[in-house]
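The values are calculated or read from the model by the stated rules, or taken from the named source; none is laboratory data. In this text the structure is predicted, and so the values were computed from the model without any measurement. Glycine also receives a Cβ, built like all others from the backbone with ideal geometry; neighbour counts cover every protein chain displayed. Accessible surface is based on the protein model in full, side chains and every heavy atom, while ligands, DNA and RNA are left aside. Shrake-Rupley method; radii C 1.70, N 1.55, O 1.52, S 1.80 Å.
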Amino acid sequence: MKENNQVLIDSKAFALRVIKLYQFLKNEKQIFVLSKQILRSGTSIGANVRESVNAQSRMDFINKLNIALKEANETEYWLELIHESGFIDDKQFDSIYNDCGKIAATLTKIIKTTKST
């Protein structure tokens, strides 16, 4: 299931991008608080998606994905702050922000579909 689960693949790839952003912010920009916030929320998305794979029930599955969705929304907030503060340029922001938005949209769709079945 893990090999062909697109949201699992995307959220892990996103987490790896967030780790690189964290390193850039910490090392190049000397931004420590915001870099830790984005690292925590951005990597938590994939962790919660991964936990949902082995959920104990349908409700547990939905709850794990809801947590991942909340973390995605928080990550979007931190990305906006980092961008609007001038620490990343428009191109960097648009790329990572769009990826986060796609994951959030996918999670929303999965949650709605699971609730309706």
Legend entry - Yes/no for residue 20 being open to solvent by 100 Å² or more (accessible area, probe 1.4 Å) and closer than 16 Å to residue 72 by Cα: no
Legend entry - Exclusive hit being open to solvent by less than 60 Å² (accessible area, probe 1.4 Å), of a type in the set (Ser, Thr, Tyr) and within 9 Å of the chain's Cα centre (by Cα), set 44, 52: 44
Inset, instruction - Could you list, in sequence order, all residues of segment 88-109 that are open to solvent by less than 70 Å² (accessible area, probe 1.4 Å) and either out of contact with any Phe, Trp or Tyr (no Cβ under 9 Å at 6 or more places or on another chain) or of a type in the set (Lys, Arg) (or both)? - result: 93, 95, 97, 101, 104, 105, 106, 107, 108
Inset, instruction - Give the number of residues within segment 49-69 that are under 13 Å from residue 111 (Cα atoms) and either outside any helix (DSSP H, G or I) or in contact with a helix residue (DSSP H, G or I) (Cβ under 9 Å, 6 or more places away or on another chain) (or both). - result: 13
Inset, instruction - Any chance you could count how many residues in segment 26-41 are crowded, with 16+ Cβ neighbours inside 10 Å and either under 20 Å from residue 109 (Cβ atoms) or hydrophobic (A, V, I, L, M, F, W, C) (or both)? - result: 4
Legend entry - Filtered residues of segment 78-111 (kept if on the phi < 0 side of the Ramachandran plot, not acidic (Asp, Glu) and not in a helix (DSSP H, G or I)): 85, 87, 88
